[in-house]
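Below is one structure, written out as structure tokens; comments come after it.
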Ligand code: URA
């Protein structure tokens with residue numbers, strides 16, 4: 001961990017937003033420090049995925065306390081296609097790898113059907129720790145992890161982002177529009193000066209509950225296949 005980060009952590013700073021920061025103090029109240037304290041956003045100092053992983057591990061977040069492992073990301077870090085899910089479930093929490101459970105198996109199969117080997121692309125989640133009982137992350141949690149996800153994406157530098165389900169779609173597109181109206185549509189999204197082609201689709205766990213929607217997701221994956229051809233992105 002870099003020295004600045006270590007220092008901030010040692011004084012109780014938990015959460016950074018741009019060049020302002022907030023610190024949680026012992027009585028649990030939140031203190032906003034004034035801007036005249038020289039302070040850089042630690043995320044802006046992070047230049048590698050490994051440093052980002054370390055930074056996440058260093059965060060003292062309530063979700064982390066109940067989690068077994070931090071689930072960062074998996075796959076080919078050079079991939080031009082990145083999948084973003086919601087949060088680890090039981091199996092991912094145990095293994096520390098995104099999408100290794102039942103919904104991950106389904107995702108792997110769908111990828112395979114359009115000729116993508118899972119290890120050739122990159123997969124991550126909005127939230128790196130399993131929310132208790134697999135609940136949906138709260139709006140507050142999504143807001144907290146959004147800058148971290150954006151840094152993750154910036155370091156990966158993909159052309160295409162597939163958002164799996166409502167939480168990932170909300171976090172990446174910064175929208176209140178629902179997944180029903182957004183899925184299957186390419187959306188050009190600019191984050192920190194870089195433009196990504198984003199395709200929201202349903203989360204595989206939704207397909208496990210409602211298999212009639214598999215056809216819909218299959219169409220979305222065909223859209224992905226066409227876009228990869230258009231952008232001359234070859235995965236294998
Ligand atoms: N669901 C997700 O959104 N992510 C995982 O890693 C596993 C299940």
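Throughout, read-outs are computed from the coordinates displayed, never taken from laboratory work. As the structure is a prediction and not an experimental result, all values here were calculated from the model. Quick reminder, even Gly has a Cβ in these numbers, built from the backbone with ideal geometry, and neighbours come from all protein chains shown.
Okay, here's what the table says:
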quantity: Residue 211-residue 45 FRET efficiency (beta carbon distance; Förster radius 41 Å; 0.05 resolution); calculated: 0.35
quantity: Which of 218, 129 has the fewest Cβ neighbours within 10 Å, and the rest in rising order; calculated: 218, 129
quantity: Approximate spin-label separation residue 109-residue 229, in nm, with each point projected 7 Å along Cα-to-Cβ; calculated: 2.5 nm
quantity: Antiparallel DSSP beta bridges within the stretch 126-213, percent to nearest 5; calculated: 50 percent
quantity: Sorted largest first, extent of the stretch 92-236 alpha carbons per principal axis (Å); calculated: 38, 37, 30
quantity: Full-extension gain in nm, residue 94 to residue 222, via 0.36 nm per residue minus C-alpha separation; calculated: 42.8 nm
